[in-house]
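Undergrad: Starting off with a structure, shown below.
The values are calculated or read from the model by the stated rules, or taken from the named source; none is laboratory data. Predicted model, so just to flag it, every value in this text is computed and none were measured. Note: ideal-geometry Cβ built from the backbone for every residue, glycine included; neighbour counts use all protein chains shown. The protein model used for the area step is the full one, side chains on, heavy atoms only, and it has no ligands, DNA or RNA in it. Shrake-Rupley method; radii C 1.70, N 1.55, O 1.52, S 1.80 Å.
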Amino acid sequence: MAQRSRQASGAQPARAGGIVTAPVAATPVVAAEDGRPTVTDWLRLGKDGRLTAYAPAGGGVARWTETRPGGAWTGPELVAPGKGLQGHLSIAQGADGYVHLTALRHTPIEDGATWTELVHAIQYQSGRPVKNWAVVGSPYPRRDWKLGLRMGHPSVGVDSAGNAQIVVRNAFGGVSARGQEPSGKWAGWADLNGNGADRSISVVASAGGRMVIHAPSDNGIMRFERAAADAKFERIEKLPGTPETATVNGLETGEDGRVTFFLRDAKSGELRAWRGDGPLESLGGRGTGPVAVLRKEIDGVDCTVLAQRDRDGRPAIAAYPTEQEGAGVSWTPTGEVCAGAPALTLDADGRVVLGVFTPDGGLLITRQRTDERGLALEAWQQV
């Protein structure tokens, strides 16, 4: 097992690829006080074949990066520093490999008030500096600062043209959205309406500029769909269900950008899958928090790979033929107790990679074995 990287006081700045970076001075915050994850989809594969992991940290974002594909790791280092950043981070990646980060920021203003705005940053290449936070703003004018305090966590998606779309529950329980134009500038805020939305909303991008937003509410799951990059979001029929907070996730699983959505039932803790052309399908797997999802061919079969934190607090992994939920899903626990939400990605060799955070903010990684059939995993590596 690899020796853990030095953190906090006493560690000297590291030099990676000619860039001087500073170690993280605070433990990465991977779960809130109520146990809900502060970041999902946090493990990413760069264009150069290196993996990168991200997590919120005091004053910025903690980042771990492979020194070469499949090699040792550097980090955690502090990137995207900024004052007033709130403790929830949304991450998405475009086909160009750019990683988009979105968060809420609080800034003191006159008369003891607090201004709330969304901010956005981009990492263009693995291990390189993250562009400074850019202001996306607020759906509300400055005089209505109290409304901003009632907004939910932002969620970011990136369409097939590389343009980011940020969505957030607004102060009145509806959904507000703002997207980038082809020039890179931000279009105006769009009020998609709705009511009773949960604080966390899911946005999933698929082929042809299509995007789907799912906003769990107190009487079902609101859905909004954009058919193409130049189209507007349209509200479509609600999906019945009572998902656990912040557990809706999606994956492109079929032709023409068809997406399968995954959610956790708030009462039973079971995972459910839904595609819009049938009923909710049970995937078993009682646990907590959102499920990580990935599509990968295993032994010649197109499979959907799932990873979650089970009820014992351990990571568990499963795979089944894509869009064949009726075939049954078998879950396999692996490793020790983790915190926050597991993450899945592929490495430079096309192997499934599963990542988890330890309760103290450390990073653990395991990969698909190449000498066995199926989804057997190697021993866990402590980064």
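Undergrad: Specify whether the C-alpha gyration tensor of the stretch 308-383 places it in the rounded, prolate or oblate class, a ≥ b ≥ c being the square roots of the eigenvalues: rounded for a/c under 1.5, otherwise prolate if a/b is larger than b/c and oblate if not. Mind dumping the intermediate values first?
TA: Numbers: a/c = 2.04, a/b = 1.26, b/c = 1.61.
Cα axes put the stretch 308-383 in the oblate bin.
Undergrad: Highest mean first, how do 140-148, 281-289 rank when packing is the count of other Cβ atoms within 10 Å averaged over residues?
TA: 281-289, 140-148
Undergrad: I would also like to ask the following. Hey, can you find the accessible area per residue of the stretch 228-375 for me, probe 1.4 Å, expressed in square angstrom?
TA: Accessible area per residue: 44 Å².
Undergrad: Explain nothing, just the number: relative contact order of the stretch 75-185, from Cα pairs under 8 Å at least 6 residues apart, as a whole percent.
TA: 22
Undergrad: Among 269-276, 201-208, how do they line up by average Cβ neighbours within 10 Å per residue, starting with the highest? Kindly include the intermediate steps, with their values, before the conclusion.
TA: Working: 269-276: 19.9, 201-208: 21.8.
Result, highest mean first: 201-208, 269-276.
Undergrad: If you don't mind, another one. Give me the percent of the accessible area of the chain that comes from carbon and sulfur atoms, probe 1.4 Å, all protein chains in place.
TA: Here carbon and sulfur together make up 47 percent of the probe-accessible area.
Undergrad: Give the relative contact order (percent, whole number) for the stretch 149-264; include only Cα pairs under 8 Å separated by 6+ residues.
TA: Answer for the stretch 149-264 is 19 percent.
Undergrad: Now a separate question. With a 1.4 Å probe and every protein chain left in place, work out the accessible area per residue of the stretch 52-133 in Å², rounded to a whole number.
TA: Values: 3080 Å² over 82 residues.
So the stretch 52-133 comes to 38 Å² accessible per residue, rounded to a whole number.
Undergrad: Does the stretch 327-367 come out rounded, prolate or oblate, given a ≥ b ≥ c as the square roots of the eigenvalues of its C-alpha gyration tensor, rounded meaning a/c under 1.5 and, failing that, prolate meaning a/b above b/c? Could the numbers behind the result be given before it?
TA: On the way: a/c = 2.49, a/b = 1.20, b/c = 2.07.
Oblate, since a/c reaches 1.5 and b/c is not below a/b.
Undergrad: When a/c reaches 1.5 or more, the comparison of a/b and b/c decides; with that in mind, is the stretch 232-371 rounded, prolate or oblate per its Cα gyration tensor?
TA: It is oblate, given that a/c is not under 1.5 and a/b is not larger than b/c.
Undergrad: I need the phi-derived Karplus couplings for the stretch 306-314: 6.51 cos²θ - 1.76 cosθ + 1.60, θ = phi - 60°, integer Hz, Gly and Pro marked x.
TA: 10, 9, 8, 9, 7, 5, 8, x, 9
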